[in-house]
Each structure stands twice: as C-alpha cells, then as structure tokens.
Amino acid sequence: MKSINCVSVKKMRTIDKQAVDYGIPIHFMMENAGKALAIQIKKKFPIKKTRIVCIAGKGNNGGGIISAARHITCFGGKVDLILINSKLSTASKFHFSLIRKNQQIKVIHVNKNNKKIVASIIRKSDVILDGIFGTGTSRAMEEPEHSIISMINDSKSFVISNDVPSGIDADTGKIHNISVNADYVVVLHKPKKWMEKNSNQKFCVVNIGIPPEIDKPYNDGVKNFHRFQFQDEKQPTQTKILG
C-alpha cells in the first residue's frame, strides 16, 4: 500500500482548515461523507431488508454517521442510531437537527442503564457503521466507548468504519487497548498514514467536496487561504477541526 498517497493527521487537518477558509463548511463535507457511506451500504446490501446500526461519537466523525443515517432512509432503509455522547460538535448538531422528525431513524442515547439494550441492538444488526472516533484518536479507549467497541467486535455484523476504524491511531496504526475490527473503511478524501502498515484492509476513497486546488497550496508551502466571504456576510465563528 506504500504506492498510495497517504497523508498524516496533521496534513489532513491543514487541508480541512484550508477547505473551511476557502468557503467549504465542515457540515458540507460531513454531508458528503454521510452520503458516500450510505451509497456504499446501498451497493453492498439490499438496503430495505438490512438491519443497519449507526454508532456515532460526539465529534465530527460521528456527525458523518448521523448524516449517513439520514441518507440511508432516503434510499429506503431504516436505522438504529446509537449516540454515545449527547454533547455533539457544532456541525454534528446541525446534522442531528435534520433527523428530528425522521420516523425511519430510532435514536438510542447510551447511558449507564441501557447497556443490555444497546448490546442487543448491536448483536441483531446486519451492518454497523462505526463513527465513534476519527483521526483524532491517540489514547486508550475508556467507557462507554470500550464496551461499545467490544460489542461491535463480538457481533457477526459487517462493519464499515468512517475514515478510520475507531481506536486506531491514524498516523502510526497503534492500538492502545482496543479498536474496531472493520471489514471495510470508507476513507475520506485521502488515505491516512496508518494504512501503509495495514495492506490487508479493504477500503475505498471517497470525495467529500474538497477540490484539488485545496491540496496544491499545502504542497507548495502556502500556509492558508483568506476565507471567502460573500458581500454583507458576517464572519462566522471558526469551527474546530477534529476527527
């Protein structure tokens, strides 16, 4: 896999920031990631007959999963959406607001009293979308994430991870204590460095709306763009780039 152009977490964060400065908001890229994930499920499974569980963490990786849940219902599927943490990132909150009246999505908020319910939902699933953590992982998994990942790995479901399997250091490939055993990874924009050390991982690379001119300035040593701003537009609050 060394012939593939892999990027570090630092470089990908720079690309993300440049995209935002260019005028492409995080929630737009998140929308494209979610649609790409849903399309992969549609390609691989009869979506109307497949028991699909989406598992989202609080960060932007989880927001892509929330977006994917909505797109799956647009294709005729039904989804159990497991939220590990209700304190979502700003962009994730935007996507969560878009499913507030969606009758095809059942939302389960993980808490200390529903561990058996969550375990049952995961065990009975056919497909699991993993968006617990993204490229920001560089530590051991704690609770409840550790238990949820154990449930995923103990299931017989086909597991698709969003960008990187949760629990893997996206630069080094190191697993601090546990990580999701992904059958397939939908890689966002560019493969990450960890994939150089895992040649057996099945994956595809998808477009999330970052055009080629965003990559080029990084390679040319240009640090950033001046943010595009419509006339009369108020400068928005900066969105923190996290996986």
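The values are calculated or read from the model by the stated rules, or taken from the named source; none is laboratory data. Bear in mind the structure is a predicted one, so any value in this text is a computation, not a measurement. Please note: Cβ atoms are built from the backbone with ideal geometry, for glycine as well, and neighbour counts cover all protein chains shown.
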As an exercise: evaluate Asn113 against (1) under 16 Å from the mean Cα position of the chain (by Cα); (2) surrounded by fewer than 16 Cβ atoms within 10 Å (Cβ to Cβ) and give the number of the one condition it does not meet. (1)
Selection count, the range 181-210, where residues are in contact with a helix residue (DSSP H, G or I) (Cβ under 6 Å, 6 or more places away or on another chain) and either part of a strand (DSSP E or B) or within 18 Å of Ile26 (Cβ to Cβ) (or both): 6
Determine if the range 20-28 includes at least one residue that is in contact with an Asp or Glu (Cβ under 7 Å, 6 or more places away or on another chain) and of a type in the set (Val, Ile, Thr). no
All positions within the range 1-34 that are over 17 Å from Gly63 (Cα atoms) and among the β-branched types (Val, Ile, Thr): Ile4, Val7, Val9, Thr14, Ile15
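Let's see how each residue does on (1) hydroxyl-bearing (Ser, Thr, Tyr); (2) buried (at least 17 other Cβ atoms within 10 Å of the Cβ); (3) more than 16 Å from Ser92 (Cα to Cα):
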| residue | (1), (2), (3) |
| --- | --- |
| Asn5 | no, no, yes |
| Met12 | no, yes, yes |
| Ile15 | no, yes, yes |
| Val20 | no, yes, no |
| Asn32 | no, yes, no |
So is Arg139 surrounded by fewer than 18 Cβ atoms within 10 Å (Cβ to Cβ), touching a Lys or Arg at 6+ places or on another chain (Cβ under 9 Å) and without any contact (Cβ under 8 Å) to a residue 60 or more places away in the chain or not? no
Are any residues in the range 163-172 surrounded by 17 or more Cβ atoms within 10 Å (Cβ to Cβ) and of a type outside the set (Asp, Glu), and if so, which ones? Val164, Pro165, Ser166, Gly167, Ile168, Ala170
Go through the range 179-210 and give me each residue that's buried (at least 17 other Cβ atoms within 10 Å of the Cβ), modelled with pLDDT of 95 or more and over 18 Å from Ala33 (Cβ atoms). Ser179
Flagged pairs (Cβ under 6 angstrom, 6 or more apart or on separate chains; first in the range 42-62, under 12 Å from Gly77 (Cβ atoms); second of a type in the set (Phe, Trp, Tyr) and not in a helix (DSSP H, G or I)) are Lys42/Phe75; Ile47/Phe75
